[in-house]
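First up is the structure itself, then whatever we jot down about it.
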C-alpha cells in the first residue's frame, strides 16, 4: 500500500511551526514534547546509537538485505527529480549526504511501493504502476469523500523484479487490479502479496518465480502489509475487517472506487497456508506495519491507539500479551524492521525534521 500518502497527512496534521536548535515545543493535541534537534528520546531504552540516514522528502518502507548491509526503500524526494515514489537502495551504515542520489531500482515512471530484497541480495522485488501509465497516478482528495481519511488502491499496480543496478528483469503478476505489497520469506522460497483479483483485498503467496499462487485470507476486509516469521512458517499482517451492515456497505463502496479507509486496523497472525488465523491486537484505532522480533515470539508495530494523535512503535507478544511502547516521537514512527541478524532496527520517523513534513529513515542498535 502507498504509505507515503499516510505519512504526508499525519505530518500535515501534527507538525507545528519551524523550530530552532536545542529548544522544545509542545504538541497541543497530544501534549507530547517535540525535541527540536534530538533523534533519540530518553525513554527509548531499546534503541542505541540512532543514526539518521536520509534528509528530505518522504522516505519510507526501508527493508534490509539478507546480509544486513543494505536497505531498499521508497522516496519522493523532489531534490532527486521525483514527482512520486520510486525505489532506491543505500548502504545501511552510511547516511546520504545532501548532494547524493542513491542507486535507483525502479523505472522512474508511474508510482512504486513495497520493495524487498530477494535471496542473494542481487535482485529486488517491488510494485509499480509504470505499465498502466508513465505518469504518477492522481491522489484522491479527502474533500471529495466527506473529508474521510482514505488510501488509494491503484489497479495499475503489478509486481516486478529488477537487479541492484536498476535493470528490469521480470514481471511476476498479470491479473487485472491491484497486486502489490510483496515481501519475501527468510527461507527464500515464497513471496506474500496483497491482491484484488478476487474482488476483495486478500493475501496470496507465490513462489519466488511467480508460480504456484495460493490464496491465504478469505474474509471481507483489507488484508495487507504481510511479513513472514523468522522460520518462514507464519504470516503477520494488518487488517481492517468491517462487521456492521453500515461498515460493510461503506467498505464495498470505497473499494469499488479503488479506495480504502484504514482508520481502524488490527494485527493478525496465521500459518502460511492461512490456517490457524488469530487476532493479536484489539487496541482500537490504527495498528499496522508489523514485523516479527528475531525470536519469532514478539511483534513490533506502529500504532496511534494510545494518543490518537501520534504514531509510535510498540512491541507485543504473539499471543497479544505484554504490550510495551518502544518509541516516543510526538508525530510519527512506523515501518520498523529488524536486521536479519537481530542487531539493528530501521524505521521511518518525522523526528528531527524541524517542523517540516519530511519523513526520514533512521537506524539504531537494538537493545533487549
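The values are calculated or read from the model by the stated rules, or taken from the named source; none is laboratory data. These numbers come from a predicted model, not from an experiment. No Cβ is skipped: glycine too gets one built from the backbone with ideal geometry, and neighbour counts run over all protein chains shown.
Among the residues of the stretch 91-98, are any in contact (Cβ under 8 Å) with a residue 24 or more places away in the chain, assigned to a loop (DSSP other than H, G, I, E, B) and within 21 Å of residue 290 (Cα to Cα)?
Within the stretch 91-98, one or more residues are in contact (Cβ under 8 Å) with a residue 24 or more places away in the chain, assigned to a loop (DSSP other than H, G, I, E, B) and within 21 Å of residue 290 (Cα to Cα).
Right, residue 221: surrounded by 19 or more Cβ atoms within 10 Å (Cβ to Cβ), touching a residue at least 60 places away in the same chain (Cβ under 8 Å), under 20 Å from residue 154 (Cα atoms) and touching a strand residue (DSSP E or B) at 6+ places or on another chain (Cβ under 6 Å) or not?
For residue 221, the condition - surrounded by 19 or more Cβ atoms within 10 Å (Cβ to Cβ), touching a residue at least 60 places away in the same chain (Cβ under 8 Å), under 20 Å from residue 154 (Cα atoms) and touching a strand residue (DSSP E or B) at 6+ places or on another chain (Cβ under 6 Å) - is not met.
Restricting to the stretch 122-143, name every residue that is farther than 20 Å from residue 252 by Cα and surrounded by fewer than 20 Cβ atoms within 10 Å (Cβ to Cβ).
Correct list: 122, 123, 131, 132, 133, 134, 135, 136, 137, 138.
Tell me whether the stretch 255-275 contains one or more residues that are over 17 Å from residue 181 (Cβ atoms), surrounded by 15 or more Cβ atoms within 10 Å (Cβ to Cβ) and over 20 Å from the mean Cα position of the chain (by Cα).
no
Within the stretch 305-334, track down each residue that is crowded, with 16+ Cβ neighbours inside 10 Å and closer than 26 Å to residue 230 by Cα.
311, 312, 313, 314, 315, 316, 318, 320, 326, 327, 333, 334
State all residues of the stretch 144-185 that are modelled with pLDDT of 95 or more, crowded, with 21+ Cβ neighbours inside 10 Å and part of a loop (DSSP other than H, G, I, E, B); if no residue qualifies, say none.
The answer is 153, 154, 157, 172, 173, 178, 185.
Among the strands (runs of 3 or more DSSP E) confined wholly to the stretch 3-89, which include 1 or more residues that are modelled with pLDDT under 95 and on the phi < 0 side of the Ramachandran plot?
24-26, 33-35
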